[in-house]
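Trainee: My questions all concern the structure below.
The values are calculated or read from the model by the stated rules, or taken from the named source; none is laboratory data. Just so you know, these numbers come straight off a predicted model, no measurement behind them. Quick reminder, even Gly has a Cβ in these numbers, built from the backbone with ideal geometry, and neighbours come from all protein chains shown. With ligands, DNA and RNA removed, areas are computed over all heavy atoms of the protein, side chains included. Shrake-Rupley method; radii C 1.70, N 1.55, O 1.52, S 1.80 Å.
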Amino acid sequence: ILVGGNNFNKIYPWDRFASSFRQPLQVPEKGIYELQNFGNQVIILAGVKGNIYSTQGTYVKIFQKIPTYISNNTNNLVTNPVQWGGIAARAGSVIFGAAFPATPTADGLYVLFEDGRLLQENTPYSGAKNVTAIYSENELAGTIIGSNGGIDYLSSSKPSLGSYSSVYQSGLYRIGNKTQ
């Protein structure tokens, strides 16, 4: 188990049997926002510069970067050019949400492939929004995404924009403690 917090630059590995974690992993940026197991590595969305890191449990290295021309293509310096959304693994790729205050037209769902290719897969039907919730069984079944604009179903054959907007809200329920 890897545990990180968005106020620190450390990830704490724990094997679920030891009474405490092992030596923490150092990430070059403050703020560990999302972790996703992906094959034999863990993808880390950290910081605010668009850097995507990876680890195999002993060290952290940069894996990919969202290009600056996507995250901040204005003439003004923005202190937080990237806001990370949700993350999920899907058939040979990692999909994640990202929002860019300086360039909101680039907000949406991104795909990161194992070989490092990065592309914007889609934007929510309600417009440029940060995708914070993602569910995808596989590429053929489509992807369900949630943002502050509602819930969208994305497939290879998109429906017309009609009236497919909806909002779903649910409470959070405690289902375990730190060891169970």
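Trainee: Any residue at all in the range 78-85 that is within 19 Å of PHE8 (Cβ to Cβ), modelled with pLDDT under 85 and among the polar types (S, T, N, Q)? Let's see the steps before the verdict.
Mentor: Initially, the range 78-85 is screened for residues within 19 Å of PHE8 (Cβ to Cβ), giving 79-80, 82-84.
With the extra rule that they be modelled with pLDDT under 85, the set shrinks to 79-80.
With the extra rule that they be among the polar types (S, T, N, Q), the set shrinks to 79-80.
Yes, the range 78-85 contains at least one residue that is within 19 Å of PHE8 (Cβ to Cβ), modelled with pLDDT under 85 and among the polar types (S, T, N, Q).
Trainee: Here's another thing I want to ask about it. Quickly run through the range 20-55 and pick out the residues that are touching a residue at least 60 places away in the same chain (Cβ under 8 Å) and either open to solvent by less than 30 Å² (accessible area, probe 1.4 Å) or more than 19 Å from GLY86 (Cα to Cα) (or both).
Mentor: Initial filter on the range 20-55 (touching a residue at least 60 places away in the same chain (Cβ under 8 Å)): 34, 36, 38-39, 43, 52.
Passing the criteria: PHE38, ILE43, ILE52.
Trainee: Moving on to the next point. For the range 65-107, how many residues meet the condition of being part of a loop (DSSP other than H, G, I, E, B), farther than 22 Å from THR143 by Cα and touching a Lys or Arg at 6+ places or on another chain (Cβ under 8 Å)?
Mentor: The qualifying residues number 2.
Trainee: Let me ask something else. Scanning the range 1-19 for residues that are open to solvent by 60 Å² or more (accessible area, probe 1.4 Å) and modelled with pLDDT under 75, which turns out farthest from THR179 (Cα to Cα)?
Mentor: SER19
Trainee: If I filter the range 154-166 for residues that are at pLDDT below 80, surrounded by 13 or more Cβ atoms within 10 Å (Cβ to Cβ), in contact with a Leu (Cβ under 7 Å, 6 or more places away or on another chain) and farther than 19 Å from ILE87 by Cβ, do I get at least one hit?
Mentor: Scanning the range 154-166 turns up no residue that is at pLDDT below 80, surrounded by 13 or more Cβ atoms within 10 Å (Cβ to Cβ), in contact with a Leu (Cβ under 7 Å, 6 or more places away or on another chain) and farther than 19 Å from ILE87 by Cβ.
Trainee: Of all residues in the range 124-148, count the ones that are at pLDDT 80 or above, open to solvent by less than 40 Å² (accessible area, probe 1.4 Å) and part of a loop (DSSP other than H, G, I, E, B).
Mentor: Looking only at that region, the number is 3.
Trainee: For ALA133, are the conditions met, namely being under 27 Å from ILE11 (Cβ atoms) and of a type in the set (Gly, Ala, Ser)?
Mentor: On the way: under 27 Å from ILE11 (Cβ atoms): yes; of a type in the set (Gly, Ala, Ser): yes.
Criteria met by ALA133.
Trainee: Scan the range 59-72 and tell me whether some residue there is of a type outside the set (Phe, Trp, Tyr), open to solvent by 70 Å² or more (accessible area, probe 1.4 Å) and more than 22 Å from LYS10 (Cβ to Cβ). Break it down into steps so the answer makes sense when it comes.
Mentor: Step one: of the range 59-72, the residues of a type outside the set (Phe, Trp, Tyr) are 60-62, 64-68, 70-72.
If we keep only those that are open to solvent by 70 Å² or more (accessible area, probe 1.4 Å) as well, we get 61-62, 65, 68.
Within this subset, residues satisfying the condition of being more than 22 Å from LYS10 (Cβ to Cβ) are 68.
Yes, because at least one residue in the range 59-72 is of a type outside the set (Phe, Trp, Tyr), open to solvent by 70 Å² or more (accessible area, probe 1.4 Å) and more than 22 Å from LYS10 (Cβ to Cβ).
Trainee: Then there's this: Which members of the range 71-95 meet the condition of being in contact (Cβ under 8 Å) with a residue 40 or more places away in the chain and within 16 Å of LYS129 (Cα to Cα)?
Mentor: First, the residues of the range 71-95 that are in contact (Cβ under 8 Å) with a residue 40 or more places away in the chain: 83-91, 94-95.
Within the range 71-95, GLN83, TRP84, GLY85, GLY86, ILE87, ILE95 meet the criteria.
Trainee: Assess whether GLY85 counts as being under 16 Å from the mean Cα position of the chain (by Cα) and small (Gly, Ala, Ser).
Mentor: On the way: under 16 Å from the mean Cα position of the chain (by Cα): yes; small (Gly, Ala, Ser): yes.
When the stated conditions are applied, GLY85 passes them.
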